[in-house]
Amino acid sequence: MNAPVRAADMTSAAISLPVEGMTCASCVGRVEKAIKAVSGVVAVSVNLATERASITAASTVDRTRLVEAVEKAGYSVSPSFAASPASSVELAIEGMTCASCVGRVERALKVVDGVTGASVNLATERATIHGKADVASLVKAIADAGYESKPVGGTVGALGRTEADERAERKETEQRDLKRDFTFAALLTAPVFALEMGSHLIPGAHDLIASTVGMQASWYLQFVLTTLVLFIPGIRFFEKGLPALWRLGPDMNSLVAVGSLAAYGYSLVATFAPGFLPAGTVNVYFEAAAVIVTLILLGRLLEAQAKGRTSEAIKRLVGLQAKTARVRRNGKAIDLAIDDVVSGDIIEVRPGDRVPVDGEVVEGDSYVDESMITGEPIPVSKSSGSEVVGGTINQKGAFAFKATAVGGNTVLAQIIRMVEEAQGSKLPIQAVVDKITMWFVPAVFAVAALTFAAWFVFGPSPALSFALVNAVAVLIIACPCAMGLATPTSIMVGTGRGAELGVLFRKGEALQLLKDAKVVAVDKTGTLTEGKPALTDLELATGFDRAAVLGLVAAVEAKSEHPIASAIVDAAQKEGLEFPLVSAFESVTGFGVNATVAGKRVEIGADRYMTQLGYDVAGFAATASRLGNEGKSPLYAAIDGRLAAVIAVADPIKETTPAAIKALHDLGLKVAMITGDNARTAKAIAARLGIDEVVAEVLPDGKVDAVRRLRSQYGKVAYVGDGINDAPALAEADVGLAIGTGTDIAIEAADVVLMSGSLLGVPNAIALSKATIGNIRQNLFWAFAYNTALIPVAAGVLYPSHGILLSPVFAAGAMALSSVFVLGNALRLRTFKAAKN
């Protein structure tokens with residue numbers, strides 16, 4: 001259930017901190033622990049897949065202390081970190097080549113008046129400065145230090161184009177570097193593996209090597225090649241893993257570093273100082289050290305490629321934004337960069353163009369494909385007064401519109417922000433995982449030490465060799481990465497797929513809670529129905545023409561301000577009817593209206609009005625009964641003293657509603673309708689749609705009570721609404737789903753937003769929730785089962801009974817594939833299919 005906002009919460013701030021250098025679940029735990037220790041921090045959730053820390057803290061918290069806490073834990077903070085637009089500036093810096101450059105730039109920035117903190121990152125060449133210093137002073141300070149800089153453009157608070165490009169470039173560079181390092185390592189490891197393992201596996205190979213190259217020369221060659229593998233492509237593991245070990249915060253890099261160095265160090269002694277080893281234990285394991293590094297690099301490469309695919313939904317959303325806009329300035333249409341467009345600009349859109357920002361059409365008409373925003377495939381008609389959304393594609397017509405929202409205020413920017421926040425959230429299911437993974441790596445080191453001791457004391461001869469090999473296998477086979485990636489990667493792919501279907505999870509927790517919903521409660525107006533009255537029925541008496549009757553009735557109703565009158569007028573206008581001149585218009589309160597139209601007397605009203613005027617409505621009795629059963633209130637029209645037609649105006653049910661109700665029933669859910677409308681209308685609609693329960697004639701507070709009653713009767717409740725009056729019920733429900741065409745207040749109170757306005761988004765969201773949580777459970781089962789089963793095997797528990805030992809080489813391969821399996825399984829969610837109409 002969504003908790004109400006407390007007054008104390010108003011002074012807190014939500015901070016999103018991009019953290020670099022995390023590789024496994026243990027890293028996540030250490031970063032969370034470090035940030036929680038900062039004074040003023042209320043809560044923190046770190047996500048490995050998105051590499052972000054979501055922090056709730058007092059508004060007065062010193063953001064530089066957060067950065068320092070992360071850095072002391074052994075990680076770095078991306079310069080894209082901006083706590084708030086008003087108090088931070090982001091600069092792109094050119095000319096930095098090393099860590100010394102970073103130090104110089106930071107020192108130059110920190111002495112500028114008004115700067116409260118500065119963080120510079122070499123990899124991204126960005127600086128984030130907090131405080132009240134003006135940009136010109138910051139740029140000058142950097143120039144005085146010998147570097148060039150410029151402010152970073154982009155969308156404040158969302159994933160701006162510049163940041164997206166930078167992030168994509170960084171990931172591409174990472175993949176390129178990994179591919180290069182893996183190729184280099186593989187080429188050097190192949191001869192090491194052939195020389196050592198070939199002599200064991202291929203008959204006669206040992207004698208051949210001994211008689212040609214010589215075993216000692218072979219060991220020297222293996223030493224040279226393995227040294228190159230470990231300290232060129234493999235240096236990354238030592239640079240990160242060993243410092244983490246010194247800080248008593250070991251991570252996966254530490255496991256690889258210690259395991260490979262143990263094998264390498266032992267081999268080094270065996271090669272150059274064999275006298276220090278007991279008799280019978282002089283063996284080399286250069287191939288184990290080299291293959292470990294090579295296979296882990298392969299795993300990292302495959303993992304980086306797979307992780308890139310998990311965020312494709314965000315990339316596609318960012319790619320929807322136009323780069324330029326054709327803007328009218330000083331009487332001319334000129335092409336401007338999207339960042340230069342301001343609210344109020346008149347923008348021209350030609351056939352096939354992408355709409356650059358949000359706005360309102362001022363001239364021209366066309367059809368616009370909004371499928372990338374709403375998920376609905378049918379283009380939408382646009383004419384003067386229509387709203388257009390940035391990122392959508394114009395079809396064959398041309399029009400001009402006035403920009404009403406630009407930058408971070410556009411619908412597309414808000415969608416990206418919602419998806420990012422959902423992808424960065426941590427589900428309740430993750431809490432147990434975090435507690436385990438926090439101690440996982442230290443536990444692996446302890447098991448490895450016990451393995452070494454047990455084999456050294458109780459193992460067969462040569463005990464030292466057995467002890468070393470099995471301890472290294474334990475260190476290498478352990479895979480905290482798989483556990484750390486199991487939940488966030490599924491969330492990333494699941495929420496991304498939801499965005500493509502027009503289902504936006506504002507809160508990641510909704511992904512887990514939705515699957516447990518037992519009843520879906522829906523508001524009627526605007527949710528089940530179109531939310532706007534329309535002419536649904538016009539039955540004529542013998543001798544009357546539809547167009548003539550509708551034209552006369554609409555001419556009279558055009559003088560009225562009643563919503564029903566507007567619906568009749570709209571229907572006549574859509575049919576292209578002209579309204580004759582009206583005179584002697586009179587409104588009879590509670591009964592109807594009458595007037596003279598083109599010399600004809602026209603009277604319109606309820607049955608009681610017709611009876612008062614002396615007309616017999618019995619001829620329309622069957623039609624009136626049918627309309628009443630459908631929840632419609634019939635109106636009658638009399639022309640020149642004769643009863644001419646019976647008319648019904650109602651809020652029509654959306655075309656997709658029946659299919660949505662059926663889909664919800666197919667998922668095994670109860671469907672309840674909660675509405676402020678009269679009970680007769682509500683029950684009629686419920687009967688037509690097959691809705692299980694009706695709660696009618698309730699006020700907003702009554703909707704909250706209804707949600708509570710449904711929860712006590714059935715279990716967890718998902719509530720779907722679109723209006724201001726739905727906000728309390730959306731907040732009360734276990735999961736609130738807002739129709740995207742609804743009010744901002746309803747959307748803010750909801751956990752999920754259905755952009756298409758179609759109720760089909762509800763079964764889609766629930767089915768996606770079930771699929772995502774199922775996927776997470778598969779990943780967690782694999783990750784825990786893998787580690788639980790194979791660590792004991794690596795330690796040698798099967799050796800006494802079956803004589804089976806696990807080589808460190810196979811352990812490295814298994815570990816590399818474990819993370820890839822989890823990522824590959826998460827990527828299956830990209831094929832999730834939406835419910836059909």
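Residues in region 323-339 that are in contact with an Asp or Glu (Cβ under 8 Å, 6 or more places away or on another chain) and of a type in the set (Gly, Ala, Ser): 2 in all. Where strands (runs of 3 or more DSSP E) fall wholly inside region 632-700, the ranges with 3 or more residues that are more than 27 Å from residue 766 (Cα to Cα) and at pLDDT 90 or above are 634-639, 642-650.
Of all residues in region 625-646, those that are open to solvent by less than 30 Å² (accessible area, probe 1.4 Å), without any contact (Cβ under 8 Å) to a residue 60 or more places away in the chain and more than 50 Å from the chain's Cα centre (by Cα) total 2. Here the condition is being more than 27 Å from residue 570 (Cα to Cα), of a type in the set (D, E, K, R) and in contact with a strand residue (DSSP E or B) (Cβ under 7 Å, 6 or more places away or on another chain); of 670, 662, it holds for 670 alone. For region 553-569, a residue qualifies if it is touching a Pro at 6+ places or on another chain (Cβ under 7 Å) and open to solvent by less than 20 Å² (accessible area, probe 1.4 Å), and the qualifying residues are 555, 567. Only residues that are outside any strand (DSSP E or B), in contact (Cβ under 8 Å) with a residue 24 or more places away in the chain and out of contact with any Asp or Glu (no Cβ under 9 Å at 6 or more places or on another chain) were counted across region 35-51, and they come to 4. The lone criterion from (1) open to solvent by less than 20 Å² (accessible area, probe 1.4 Å); (2) in contact with a strand residue (DSSP E or B) (Cβ under 7 Å, 6 or more places away or on another chain) left unmet by residue 755 is number (1).
Taking region 109-124 as the range and being open to solvent by 20 Å² or more (accessible area, probe 1.4 Å) and at pLDDT 65 or above as the test, the residues that pass are 110, 111, 112, 113, 114, 115, 116. Across region 1-51, the qualifying residues are those that are in contact with a Phe, Trp or Tyr (Cβ under 8 Å, 6 or more places away or on another chain) and small (Gly, Ala, Ser), and the one among them that is modelled with the highest pLDDT is 21. Any chance region 201-212 includes a residue that's surrounded by fewer than 14 Cβ atoms within 10 Å (Cβ to Cβ), at pLDDT 85 or above and under 28 Å from residue 269 (Cα atoms)? The answer is no; no qualifying residue exists. Please verify whether region 354-373 includes one or more residues that are within 30 Å of residue 489 (Cα to Cα), modelled with pLDDT under 90 and not aliphatic (A, V, I, L, M). There is at least one residue in region 354-373 that is within 30 Å of residue 489 (Cα to Cα), modelled with pLDDT under 90 and not aliphatic (A, V, I, L, M).
Looking only at region 52-61, residues that are at pLDDT 75 or above and either open to solvent by 40 Å² or more (accessible area, probe 1.4 Å) or aromatic (Phe, Trp, Tyr) (or both) come to 3 in all.
Each row is one residue, and each column tells you yes or no for (1) surrounded by fewer than 21 Cβ atoms within 10 Å (Cβ to Cβ); (2) of a type outside the set (Gly, Ala, Ser).
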site	(1), (2)
221	yes, yes
227	yes, yes
239	yes, yes
260	no, no
265	yes, no
277	yes, yes
285	no, yes
290	no, no
295	no, yes
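The set of residues from region 690-703 being of a type outside the set (Val, Ile, Thr) and either touching a Phe, Trp or Tyr at 6+ places or on another chain (Cβ under 6 Å) or buried (at least 18 other Cβ atoms within 10 Å of the Cβ) (or both) comprises 696, 703. Close Cβ contacts (under 7 Å, 6 or more residues apart or on different chains) running from residues in region 70-82 that are modelled with pLDDT of 70 or more to residues that are among the polar types (S, T, N, Q) and buried (at least 23 other Cβ atoms within 10 Å of the Cβ) comprise 77/119.
The values are calculated or read from the model by the stated rules, or taken from the named source; none is laboratory data. Please read these numbers as outputs of a predicted model, since none were measured by experiment. Note that we place each Cβ from the backbone using ideal geometry, even for glycine, and neighbour counts take in every protein chain shown. Protein only, heavy atoms only, side chains kept; ligands, DNA and RNA dropped before computing areas. Shrake-Rupley method; radii C 1.70, N 1.55, O 1.52, S 1.80 Å.
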